[in-house]
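Step one of this worksheet: look at the structure below.
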Amino acid sequence: MQDLTDLYQSVILDHNRRPRNYSVLPTANRVGSGNNPMCGDQMTVYVRLEGDRIADISFQGSGCAISKASTSLMTINLKGKTIAEAEAIYAGIHQLVTTGQVAEDDMSDLAALAGVHQFPARIKCATLGWHAALNAAKGEATPATTEKPSD
Amino acid sequence: MNAAWKNVRADFPILDQQVNGHPLVYLDNAATSQKPSCVIDALANYYRKDNANVHRGIHTLSMRATFAYEAARERAAKFLNAAEPGEIVFTAGTTDSINLVANAWGDENLKPGDVILLTEMEHHSNLVPWQLLARRTGAKLRYLPVVAGDTGLLDLAQLPTVLTPEVKIFAFTHVSNTLGVINPAAELCAAAKKVGALTVVDAAQSAGHLPLDVRAMGCDFLAVSGHKMCGPTGVGLLYGRKTLLDAMPPYRGGGSMISSVEYFESKWAPAPAKFEAGTPNIADVIALARAMDYLDDLGREAIAQHDEKLAALAYARLLDEVPGIRILGPAHHRSGVVSFDLPGVHAHDVVTMADQEGVALRGGHHCNQPLMKKLGLSSTSRASFYLYNTEAEIDRLVATLQKISKFFTG
Ligand SMILES: Cc1ncc(COP(=O)(O)O)c(C=O)c1O
């Protein structure tokens, strides 16, 4: 039996209500946007890349509690990381939201996304901002879309 | 309400189930309706007893299938009060019907400088085919606006400004799937006729809900989806005035749509066969005709009243009992579609939470992104009612939304 408080943990509700790093980043040198054509959700992620390190990151957009909170948590967790590190973290998130399995012992507050795997329709919400961020960091000009087999 | 209404809920076996531990409250009827047992039986019985290919066969089963298929065409003509069965083309649904007109009529008749008139509330299926046609022919798109504010009504005062003689075709929805607005179809068709424009009415949301009479409405084409009116998925129809259908080239080539074929040239069968290339969707067409019988046994006027009563009750109660809710669409004279925005709660979260309470809603842009943008929303939640919904289900809806609102905004 699924429980809503599994999905909407207090961390998620908190980040939905008060998303962190929720602004345009004036010093950004990379921008990535993600949209979910099925529902119209849209996230724009701003990154200041120094070498291969994400020196600063922020986001704005419209989306559900899951996509907003996931993106908000992401900005906290990716700040200061290299692209390779960011990709590794995303791999863990992907595993978490699709299987509920925690990849590493310490996922900190990202573990709040574990409940998503019980709601398959919402997995794309949780990954939207991450696609946008990785696209931005890797300098891909095309907007991220949830309609990719990699989801 | 007549005796047919007595056991309406029992006619729909799917309604009798628990979802996430609660009795199902199905309020996603604008997306697709449920099917009564008689329609499911018609489908199964066709495959059990009558299945054969139509038109080309001489054996008994083939004649039986052909007879039932063509009887369905007569049934559909009667359902819409078309002048003759030959005005009914069976298609895969509304989207397919609109694409048929945009291609077969549009490519032949539009040139640069011509205008295709739409409204700002069209479903993507009555928008994108016309964008493609405009691109192919150089014709231009123009829109009849929706008035500012949340009523979602068409701005009819603008009609004389946009409906000019350059307009060759005016395609509009009869009932909005997003806002529940019922457009004055007969008035719009009459206005179009005055400037010599043809009309295409998207009846996806009205065909199973309101009495429909294509001749009283005065439309040239009308598109219907079976699955939204108690029929199966994958089937629908296009009504077209016979003289127009006769003059149009085919849309797709293949078997059944020709009168003679040679290696370099073929002659088309007359309409409607001209537009039904290949083996048609026989079983679903037959079941769709059964759905029409079912709806007419209840009475479409009675269904419309039932929808409107529930929508009005939901509108009033949500406004009263759910703090801060913003309801879209007109307060009166509306269909069974009620879209709303809960402040601080995204539509997807509303729908996920409602589902946990067994209440099936829809959240998103409802295939209506430009209108959402105009309303300043990226998505809404939508409850849509149909003939089997009850006032008690509105109690469940209200209680569920109150719970969601409290959960998110504390
Ligand atoms: C107003 C309107 N038009 C067209 C359609 C498309 O119908 P279908 O998907 O059955 O072709 C819909 C269905 O959602 C609709 O609500």
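The values are calculated or read from the model by the stated rules, or taken from the named source; none is laboratory data. None of the values given here were measured: they were computed from a predicted structure. Glycine also receives a Cβ, built like all others from the backbone with ideal geometry; neighbour counts cover every protein chain displayed.
Hey, among the residues in segment B:42-52 that are touching a residue at least 60 places away in the same chain (Cβ under 8 Å) and surrounded by fewer than 17 Cβ atoms within 10 Å (Cβ to Cβ), which one's nearest to A:Met38 (Cα to Cα)? Only one residue tops the list, namely B:Tyr47.
If I ask for residues that are of a type in the set (Ser, Thr, Tyr) and more than 14 Å from chain B (Cβ to nearest Cβ), which ones from segment A:50-64 would you list? Before the answer, list the steps.
We begin by selecting, within segment A:50-64, every residue of a type in the set (Ser, Thr, Tyr); these are A:58, A:62.
If the condition is that a residue be of a type in the set (Ser, Thr, Tyr) and more than 14 Å from chain B (Cβ to nearest Cβ), then A:Ser58 is the only one that fits.
Counted as qualifying within segment B:179-289 are the strands (runs of 3 or more DSSP E) with 1 or more residues that are in contact (Cβ under 8 Å) with a residue 24 or more places away in the chain, within 16 Å of the ligand (Cβ to nearest atom) and closer than 26 Å to B:Asn53 by Cβ, namely B:221-225, B:236-240.
So that you can scan it fast, the table gives a plain yes or no per residue for (1) within 16 Å of the ligand (Cβ to nearest atom); (2) in contact with an Asp or Glu (Cβ under 7 Å, 6 or more places away or on another chain); (3) of a type in the set (Gly, Ala, Ser):
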site: B:Trp5; (1), (2), (3): no, no, no
site: B:Gly21; (1), (2), (3): no, no, yes
site: B:Thr32; (1), (2), (3): yes, no, no
site: B:Ala52; (1), (2), (3): no, no, yes
site: B:Tyr69; (1), (2), (3): no, no, no
site: B:Thr95; (1), (2), (3): yes, no, no
site: B:Asn99; (1), (2), (3): yes, no, no
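Being basic (Lys, Arg) and assigned to a helix (DSSP H, G or I) is the filter; apply it to segment B:35-54 and report the residue that is nearest to B:Ser260 (Cα to Cα).
At the first step, the residues of segment B:35-54 found to be basic (Lys, Arg) are B:35, B:48-49.
With assigned to a helix (DSSP H, G or I) added as a condition, the list becomes B:48-49.
Numbers: B:Arg48: 34, B:Lys49: 32 Å.
Within segment B:35-54, the match that is nearest to B:Ser260 (Cα to Cα) is B:Lys49.
B:Gly324 meets the stated requirement of being surrounded by fewer than 13 Cβ atoms within 10 Å (Cβ to Cβ) and in contact with a Pro (Cβ under 7 Å, 6 or more places away or on another chain).
Remark: A:Val24 falls outside the filter, which requires a residue to be in contact (Cβ under 8 Å) with a residue 60 or more places away in the chain, more than 14 Å from chain B (Cβ to nearest Cβ) and β-branched (Val, Ile, Thr). If the requirement is being more than 9 Å from chain B (Cβ to nearest Cβ) and surrounded by fewer than 20 Cβ atoms within 10 Å (Cβ to Cβ), which of these qualifies: A:Val47, A:Val11? Criteria check complete, one pass: A:Val11.
Among the residues of segment B:362-384, those identified as more than 9 Å from every other protein chain (Cβ to nearest Cβ), in contact (Cβ under 8 Å) with a residue 60 or more places away in the chain and away from the ligand (no atom under 13 Å from the Cβ) are B:Pro370, B:Lys374, B:Leu375, B:Thr380, B:Ala383.
Looking only at residues that are in contact with a Lys or Arg (Cβ under 6 Å, 6 or more places away or on another chain) and part of a helix (DSSP H, G or I) in segment A:78-136, which one is surrounded by the fewest Cβ atoms within 10 Å (Cβ to Cβ)? Spell out how you get there, then give the answer.
Narrowing segment A:78-136 to residues in contact with a Lys or Arg (Cβ under 6 Å, 6 or more places away or on another chain): A:82, A:116, A:136.
Now restrict to residues that are part of a helix (DSSP H, G or I): A:116, A:136.
Numbers: A:Val116: 25, A:Ala136: 27.
Among them, the one singled out is A:Val116.
Quick check on segment B:164-178: of everything there that is assigned to a loop (DSSP other than H, G, I, E, B) and more than 11 Å from the ligand (Cβ to nearest atom), which residue is farthest from the other protein chains (Cβ to nearest Cβ)? Filtering first and then ranking leaves B:Pro165.
Could you pull out the residue among B:Thr173, B:Thr161 that is polar (S, T, N, Q), surrounded by 24 or more Cβ atoms within 10 Å (Cβ to Cβ) and at pLDDT 95 or above?
On the way: B:Thr161 fails: surrounded by 24 or more Cβ atoms within 10 Å (Cβ to Cβ).
None of the others qualify; the one that does is B:Thr173.
Restricting attention to segment B:6-27, the residues that are over 10 Å from B:Tyr388 (Cβ atoms) and aromatic (Phe, Trp, Tyr) add up to 0. In this structure, A:Asp14 does satisfy being charged (D, E, K, R) and closer than 21 Å to A:Ala114 by Cα.
Look at segment B:1-28: where a residue is more than 14 Å from chain A (Cβ to nearest Cβ) and part of a strand (DSSP E or B) and a partner is surrounded by 14 or more Cβ atoms within 10 Å (Cβ to Cβ) and of a type in the set (A, V, I, L, M, F, W, C), sitting 6+ places away or on another chain with Cβ atoms under 6 Å, you get B:Val25/B:Val359; B:Tyr26/B:Ala360.
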